[in-house]
Amino acid sequence: PPPPPLPGGSGGPPPPPPPPLPPGIGGAGGGPPPPPPLPGGSGGPPPPPPPPGFPGLPGAPPPPMIGGMDGAKKRRIQTENKLPLLNWAPIVTANVKGTVFGELDDERVLTKLNFAEFEEAFKLDSKPAAGEANGGGKGQMPDPVLRKPTQTDFAKPKGQATLLDANRYRNLVIAQRRIGASIDEVTAALNKLDSAVLTSEKAEILRHDFTPTPEETELLNEHYSSGKKMAEVDLFLYQLSRIPRLKERLTLMINLDSCTEALNSVPPQAEAIIAASDALMTSKKFKQILEVVLAFGNYLNSGRRGGAFGFKLSTLERLGDLKTRDRELTLLHWIVQVIEASYPDALSFMSELVAVPRAAAVSLVNMETDVAQLRRAIEAVEKELELDATSPVLTTFMKATAPKIQKAIKDFDEAKRLFSKVVTFYSEDAGTDPSTFFTGFKRFADSFEAARKDLEKRAKQNEQRQNAAALELQKQEKRAKMQFRGMGRQTTSQTDGPEARDEVEDGAIDEIITEMKTSAFRRQNFSMSKRDKAPAEKREIGHSDSGNSYAASRPWLK
């Protein structure tokens, strides 16, 4: 009998049974057994899988969502108009726990603000904006260190045969001029470890150029023992070779002098990094600024590129690149206006980041070099004290300077630890240098303040234009009133009695203006022309006979 229909099927004819196996296959022939029947079925074929792409059906892929690997997602914001994209560096993963972006909630800003005016200002036009390219060059300044030597300076001295090679002799002449001290002064400074006479720069020149090779030492000793006159440079080099442990003492002088410079730079730099790192991790006002920036970035980009949970700090420098349709304002200007209107307390965020500009001038690489120099100085002094424990310079150094070095090294380690922490807190790369990291904040603060001043300037200019327009309107109204008042005087001069004159002079200008709008302005009691006045006046004074006879002869004129 045919197998029963599958559950949920339509009851159609079942598929045909498979063909029988050839003889020798299956059964006792040892062939492979047939596959076991499906659970609950009668051995028929399984139903085909449902087509992909329909959520809710078994086996269908989940719907796409914007978010990280842990399942969190950001909603897409559908805008009324097509807006430009912010060229930012978003953090799309939701794993922002332990960073500054884990403490932000851009949805609070998105629900609080009305973006209708923002869309109207930034919506895209049909004409693309043209880009600008700037170029520049760099110039180099020459180093005015020494006067340019001439060939006579390098020529071998007459009457004094030098034992050195010509190039070696020329180099030593230049080096001796840069030292600017006699061999006796140099020897005394080396014995006393006097860094006032022999600075680290001069000691480095001596160690690099005036340390004789074994061959030169043997040749100079033989020539000096022969009693022959030696060149000045040869004699200088010979006397230096007579100082015991010359290279070690020169190295010690270099370390001691460099130690003073490092002690003057490492502690304040470490303090600046510590203060700036702590301020950036605790500043509430700056976090509010970042929250507003994140909200605007998601409003612009989430509809087409998806939402972001955070962004790299380089985004802050790109806020001034996105401009309104009229090219008058930038996105940074708009953010400043929003913060002034909705989050005024955050405007003074730099009051919480006062140490950031100082930390922006610090280089961690240079600090590490200085700290390594401090460590070498202590090691060199300890080694020299094993050979000469009575040196007053070295014993004073260990008592007064060594504790300062230890504290400077401790401060450096703490600054390095906190800086690594704040870099991770802002989701930046671990190898970022403080000069790069803190400079980004400083540039943003400068741009923010410049945008704020620009908005204030624009507001003052608008106020001045409005005041000038209002003043001009007042002047026009005043001139109009004066003209109407002059017309009123002419009118009252033709009327009888003082009441009408007083009525106009009291300022019934509005009635006059209304009358002029509705009908033409006519002067009352002024229907006769000047030409007709003369006969009338003559009649009043007794010259009316001719007129009466003329009228009597023409009765129809009446």
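When M367, M281, M482, M398 are compared by accessible surface with a 1.4 Å probe, the order from highest to lowest is M482, M398, M281, M367. Estimated at the nearest 10 Å², the accessible area of E352 is 60 Å² with a 1.4 Å probe.
Three semi-axes describe the equivalent ellipsoid of region 341-488; taken as square roots of 5 times the Cα gyration tensor eigenvalues and ordered largest first, they are 68, 19, 11 Å.
If you take the C-alpha gyration tensor of region 240-312, multiply each eigenvalue by 5 and take the square root, what semi-axes do you get, largest first, in whole Å? Write out the running numbers ahead of the final one.
On the way: eigenvalues 622, 55, 8 Å².
Working from the Cα gyration tensor, I get semi-axes of 56, 17, 6 Å.
Length available on full extension from R479 to E368: 0.36 nm per residue minus the Cα-Cα distance, which gives 32.1 nm.
Each peptide in 380-388, 327-335 receives the mean, over its residues, of other Cβ atoms within 10 Å, and ordering these scores from highest gives 327-335, 380-388.
So which of K192/K404; K285/K416; K287/K453; K229/K383 end up more than 27 Å apart, counting from Cα to Cα? The pairs that break the limit, which is 27 Å between Cα atoms, are K229/K383.
Here region 284-411 is treated as an ellipsoid with the same Cα gyration tensor; its semi-axes, largest first and in whole Å, are 54, 16, 12.
Give me the number: length gained by fully extending D278 to T395, i.e. 0.36 nm times residue separation minus the C-alpha to C-alpha distance, one decimal in nm.
Details: separation 117, 0.36 × 117 = 42.12 nm, distance 3.84 nm.
Residue separation times 0.36 nm, minus the Cα-Cα distance, leaves 38.3 nm.
Once the 1.4 Å probe is applied to the protein heavy atoms, region 181-279 comes out at 49 Å² accessible per residue.
Past the 14 angstrom mark, what percentage of all C-alpha to C-alpha distances in region 193-257 do you count? Tail of P(r) above 14 Å: 59 percent of Cα pairs.
Across region 171-186, computed HN-Hα scalar couplings (Karplus, 6.51 cos²θ - 1.76 cosθ + 1.60, θ = phi - 60°) run 5, 5, 5, 5, 5, 5, 5, 6, 5, x, 9, 6, 5, 5, 5, 5 Hz from first to last residue, x flagging Gly and Pro. A simple spin-label model places the labels of T217 and E382 2.8 nm from each other, with each point 7 Å out along Cα-to-Cβ.
Accessible surface for V354 stands near 110 Å², nearest 10, in the context of the full protein assembly shown (1.4 Å probe).
The value for region 202-330 of Rg(Cα) / (2.2 N^0.38 Å) is 2.31.
Keeping every protein chain present and rolling a 1.4 Å probe, give me the accessible area per residue for region 332-451 in Å².
Numbers: 5970 Å² over 120 residues.
Using a 1.4 Å probe on heavy atoms only, each residue of region 332-451 averages 50 Å².
Close amide H contacts of I91 (hydrogens built in the peptide plane, cut-off under 5 Å, sequence separation of 5 or more or a different chain): F309, G310, F311, K312.
The values are calculated or read from the model by the stated rules, or taken from the named source; none is laboratory data. Everything numeric here is computed off the predicted structure, so don't read it as measured data. For neighbour counting, all protein chains shown are included, and Cβ atoms are generated from backbone atoms with ideal geometry for every residue, glycine included. Surface areas here come from the heavy atoms of the whole protein model, side chains and all, with no ligands, DNA or RNA. Shrake-Rupley method; radii C 1.70, N 1.55, O 1.52, S 1.80 Å.
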